[in-house]
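Working notes for the structure below.
The values are calculated or read from the model by the stated rules, or taken from the named source; none is laboratory data. Given the structure is predicted, the values throughout are model-derived calculations rather than measurements. Every residue, glycine among them, receives a Cβ derived from its backbone with ideal geometry; neighbour counts consider all protein chains shown. SASA here: full protein model, heavy atoms, side chains in, ligands and nucleic acids out. Shrake-Rupley method; radii C 1.70, N 1.55, O 1.52, S 1.80 Å.
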Amino acid sequence: MAVLQIREALRAALDEEMERDVRVFLMGEEVGHYDGAYKVSQGLLEKYGEMRVVDTPICEAGFAGVGIGAAMAGLRPVVEFMTFNFSLVAFDQLINNAAKLHHLSNGQFTLPIVFRGPNGAAHMLSSTHSQAFDAMLSHVPGLKVVSIATPYDAKGLLKSAIRDPNPVIFFESEVMYSVKGEVPDEPYLIPLGQADVKRPGGDVTVVTWGQGLPIALRAAELCQADGIDCEVVDVRTLRPMDLDTIYASVRKTHRAVVVAHEWPTCGVSAQLAARIQADLLDELDAPVLRETYEDVNMPYAENLERLVIPSAERVRDAILRVAYHRI
Amino acid sequence: MSDPEGARPHAPPIPRTKEELLRLYREMLRIRRFEELAARAYTQGKISGFLHLYIGQEAIAVATKEVMRPGDRVVTTYRDHGFALALGSDPKACMAELFGKKTGLVGGKGGSMHFFDRSVGLWGGYAIVGGHVPVAAGHAFASKYLGDGAVTFCFMGEGALPIGATHEGFLLAGLWKLPVVYVIENNQYAMGTPLSRTSPVDDLTVRGPVYRFVTDRLVVRDVFEVREHLARAARRAREQQQPCLLELVTYRFRGHSMSDPAKYRTKDEVARWKAQDPLHRHEEELRTTFGVSEEALEALDDEVVEEMQAAVDFADASPPPDPEERFEHLYVEDPSAHPDLGPPPGDDIPAVTVRSFDPKGA
Ligand SMILES: Cc1ncc(C[n+]2csc(CCOP(=O)(O)OP(=O)(O)O)c2C)c(N)n1
Ligand SMILES: [Mg+2]
C-alpha cells in the first residue's frame, strides 16, 4: 500500500478516471502548463494533452458555464476553482444552472460535473481568501457536496464524484494537500453520502468533516487524558448527509459536539445540531454543542486568526461540557 | 434608439418561390397566433408568472430552424416560445407548459421562461440574463471535443451585453475557436430601458472583434434575408470553427412581459416598426407579388388558429402535475435511463466499492 499526500491521491483519482473515460476532462486556471496552483494536476497535461487538461483565463463564470454546457452535451468535466473563494463570481452558474438544469428540463439533460478546489481558511490569507462555502452550497437542492480530509477518502470520493450523474461540489483544503496517508494500490470507490467513523469511542460523539477532522482527532486525544472516550464521525458528504451513521453513534454516546471549519450562523453544523436534537431528543443527555469559526470576517494577524478558528483545546472544552465534566 | 434604417444597406431581394414563402409565412404565423392565444389565456387567469411574447421577432426563430442541421442546438432566453414552435415542439405541450400542466413541455416545472425540448434541438430557455452565454460555449466545446460537427446557436437580447457572463462566454468561444453563432436580438429595449441608456455605441457588433469573432448586422424585415445571414454564420462556425456575432435589429410589438403596458415608447415609434413587421410584409408579398387570394390567406390563417386553439383546449383539459412530481428530477436516480450517462467504452473492470478504510487492515 502506497503512502500518498492528499494532492497525490486526488491526482491519482483524476488520472484513473481520465484513463478510464475519454469524456472526463479537467478545466481551470493553471491546471495544465503550471501543473496546478497546488500541484494536484501535475503531469496530467503531458499525459492527456490540451483538449483534456484545459487551462482557462481568469473567468470563473465563463469556465464554470462552459463546464455545465459540456456536461449537458455528454462530457464529464472536472472544473477546478483555484479556491472556492473565486467561485463566488460563478455562483449564478453553480446555483441557477448546475443545480437546476436537470430539474428544469424535466430530466432531459443531465449534469455529470464536479466543481473542486480548496475551501475554508488556509493560513493568514485574511477574509476574502478564507471563506467556507459548506453551508452556502449545501443549501441548494440539486447539488451534492463532498468534503475530504484524508488521502484515502480523497481518492475514493473524487472517483465517485466524477462518476456521479449529478453536479458535485468537492471541497479540499489548501493546508491539507500535504497530509499523508495510506492508499491501496487497487482501484476502489467510496460511495457519496456515507459518513465514516474515524475514531471509535463510547462517551461523546464528535461530528466533523474537512479541516475539522484533524482538530476533532486532536481534541479526542486530549480528552483521553480526562478519561473521556470520543467517537469521531467524519461526515464526508454534506449533501446528501448520512444521518444514520451519525445517529447510530449518538444513540451509543448520548452526547454530541459538532466541529466545523465554517461560520456558525446558519451553518451546516447548525443544521446537524438541529437534526440531532429534533430526531434524538430522548437519547440526548446534553444539548448538542458546536465549535466553529467565530462569527467574524477572518482577520489576517496570526494571533487573531488563531482565535477565530476552532482549536483542539476549544473542542476539548466543549466535549467536557457535554460530558458534564468539571473543567 | 437605433434607426431601423441605420444598419447596413440592404442587398437586393433574395429570390424566393411562392411555396417557400408560404411555408415560412405559415411558420411565423403559427408563432404569432400561439402567442396571441397565450396572451388571452393570461388575461383570463389561466396562465400566470411571467409571460414574455416574441410577437414581432418571429422571423428570427423561423430563419434559424431553416439553417439548422440535425444535432445543432439552440440556446435562448426566457423569450422562448417562438423557438420551440419554429424548431418543431408540439404546440400542445408548449401551451400546457404555460398552463402549468403535467402534459407541459417540461412537465410544469419551468413555465414560459424555461422551455427545453431536446428532441427538436432546443437546449433551453434561460431566465438569468447572460447566464446561458458560457453554457452555449460549453455545448460548442463539447462539439469540438467530440468532433460531432454540430453548431450551437445562442440568442440573447441586447440587454445581455452589459453583463460579465456574456463576455466570459464570448472570450472562451473566441479563444478556443468554438463552433458557435451568437445572435443578439436587438429589440432595442431591455424592459423599459432603451439601448441608448445602456450602450455607449449603437452598433453592438463592435464588441465582436476583440474576441476574434466575425461580425454581421442586419435589420430584420425579411425572413429570407435573416436566413441568408444566419446560414453564412453557421457555415463559418461549422466549417472553420469560426465563432460569429450577428446583431439582428428587431422590435417587440408587445410590452416586455404581460404586465408591461410599454409606456416608454411613443405610438409613432411603434407604428413605424409595425409598418415593417416581417409577418405583414410577407403577407403583402404573397398577395401582391405571388397573387395569393384573400380566401387562401384566410384559409391558411383559419388552419393555424385552429391548430393553436386545439393547443389551448388541450392545455385546459390537461391535469396538473401529480403531487409527487415535485420530488422528480432533482437528482438523477437511475443513470441507465439517460442516454448521456452510459459507461465509458470498454469499461469492464469496475472499481470496488468500499465504505471505509482501516489502515491497520483489521
Ligand atoms: C441577471 C439578471 N438581471 C435582471 C433580470 C431581470 N430581467 C429580465 S429580462 C430583463 C431585460 C432584458 O432585456 P433584453 O436582454 O434586451 O431582452 P428582451 O427582453 O428585450 O428580449 C431584465 C432586466 C434577469 N432576468 N437577469
Ligand atoms: Mg431587448
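Of all residues in the range B:117-132, those satisfying the criterion of being within 12 Å of the chain's Cα centre (by Cα) and either buried (at least 24 other Cβ atoms within 10 Å of the Cβ) or among the hydroxyl-bearing types (S, T, Y) (or both) are B:D117, B:L122, B:W123, B:G124, B:G125, B:Y126, B:H132. The residue that is most open to solvent (accessible area, probe 1.4 Å), counting only those in the range A:271-300 that are more than 16 Å from A:V204 (Cα to Cα) and in contact (Cβ under 8 Å) with a residue 60 or more places away in the chain, is A:Y300.
Within the range A:242-254, the presence of at least one residue that is over 30 Å from A:L189 (Cα atoms), touching a helix residue (DSSP H, G or I) at 6+ places or on another chain (Cβ under 7 Å) and either charged (D, E, K, R) or outside any helix (DSSP H, G or I) (or both) is confirmed. If you filter the range B:138-187 down to residues that are of a type in the set (F, W, Y) and surrounded by fewer than 24 Cβ atoms within 10 Å (Cβ to Cβ), you find that the one that is nearest to the other protein chains (Cβ to nearest Cβ) is B:Y145. For the range B:100-116, residues that are open to solvent by less than 10 Å² (accessible area, probe 1.4 Å) and at the interface with another protein chain (Cβ under 7 Å from one of its Cβ atoms) total 3. Considering only the range B:193-219, state which residues are more than 14 Å from chain A (Cβ to nearest Cβ), in contact with a Gly (Cβ under 9 Å, 6 or more places away or on another chain) and either within 16 Å of ligand 2 (Cβ to nearest atom) or open to solvent by 40 Å² or more (accessible area, probe 1.4 Å) (or both). Within the range B:193-219, B:T193, B:L195, B:T198, B:D202, B:D203, B:V214, B:T215, B:V219 meet the criteria.
Kindly establish whether B:E239 is within 30 Å of B:T17 (Cα to Cα), away from chain A (no Cβ under 14 Å) and within 16 Å of ligand 2 (Cβ to nearest atom). Answer is no for this residue. Can you say whether B:V129 is within 16 Å of ligand 2 (Cβ to nearest atom) and among the β-branched types (V, I, T), as far as the supplied structure shows? Here the answer is yes, as B:V129 does meet what is asked.
Quick check, is B:G108 among the small types (G, A, S), within 16 Å of ligand 2 (Cβ to nearest atom) and assigned to a loop (DSSP other than H, G, I, E, B)? So B:G108 does not fit the description; no. When you look at B:A41, is it farther than 28 Å from B:F170 by Cα and either open to solvent by 10 Å² or more (accessible area, probe 1.4 Å) or part of a loop (DSSP other than H, G, I, E, B) (or both), yes or no? In short, no. In the range A:170-198, the residue that is most open to solvent (accessible area, probe 1.4 Å) out of those that are of a type in the set (S, T, Y) and more than 7 Å from every other protein chain (Cβ to nearest Cβ) is A:S178. When A:D153 is tested against the conditions (1) acidic (D, E); (2) outside any loop (DSSP other than H, G, I, E, B); (3) surrounded by fewer than 24 Cβ atoms within 10 Å (Cβ to Cβ), the lone failure is (3).
Per-residue answers, yes or no, for (1) more than 27 Å from A:S130 (Cα to Cα); (2) open to solvent by less than 10 Å² (accessible area, probe 1.4 Å); (3) in a loop (DSSP other than H, G, I, E, B); (4) modelled with pLDDT under 95:
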{"position": "A:M51", "(1), (2), (3), (4)": "yes, no, yes, no"}
{"position": "A:V54", "(1), (2), (3), (4)": "no, yes, no, no"}
{"position": "A:I58", "(1), (2), (3), (4)": "no, no, yes, no"}
{"position": "A:G62", "(1), (2), (3), (4)": "no, yes, no, no"}
{"position": "A:G67", "(1), (2), (3), (4)": "no, yes, no, no"}
{"position": "A:P77", "(1), (2), (3), (4)": "no, yes, no, no"}
{"position": "A:S87", "(1), (2), (3), (4)": "no, yes, no, no"}
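Could you say whether any residue in the range A:60-69 is more than 7 Å from chain B (Cβ to nearest Cβ) and under 30 Å from B:A337 (Cβ atoms)? Within the range A:60-69, one or more residues are more than 7 Å from chain B (Cβ to nearest Cβ) and under 30 Å from B:A337 (Cβ atoms). When you check B:L286 against the structure, is it more than 24 Å from B:L161 (Cβ to Cβ), away from ligand 1 (no atom under 14 Å from the Cβ), at pLDDT 95 or above and open to solvent by less than 10 Å² (accessible area, probe 1.4 Å), yes or no? Here the answer is yes, as B:L286 does meet what is asked.
Condition check ((1) out of contact with any strand residue (DSSP E or B) (no Cβ under 6 Å at 6 or more places or on another chain); (2) within 27 Å of B:D80 (Cβ to Cβ); (3) in a helix (DSSP H, G or I); (4) open to solvent by 40 Å² or more (accessible area, probe 1.4 Å)) across all residues:
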{"residue": "B:V226", "(1), (2), (3), (4)": "yes, yes, yes, no"}
{"residue": "B:A231", "(1), (2), (3), (4)": "yes, yes, yes, no"}
{"residue": "B:R252", "(1), (2), (3), (4)": "yes, yes, no, no"}
{"residue": "B:S259", "(1), (2), (3), (4)": "yes, yes, no, yes"}
{"residue": "B:A262", "(1), (2), (3), (4)": "yes, yes, no, no"}
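When A:R199 is tested against (1) within 29 Å of A:R23 (Cβ to Cβ); (2) out of contact with any His (no Cβ under 9 Å at 6 or more places or on another chain); (3) of a type in the set (K, R), only condition (1) is not met.
A count restricted to the range A:272-325 and to residues that are of a type outside the set (D, E) and in a loop (DSSP other than H, G, I, E, B) stands at 19.
Just one of (1) open to solvent by less than 20 Å² (accessible area, probe 1.4 Å); (2) within 10 Å of chain A (Cβ to nearest Cβ); (3) within 16 Å of ligand 2 (Cβ to nearest atom); (4) not hydroxyl-bearing (S, T, Y) fails for B:V135. It is (3).
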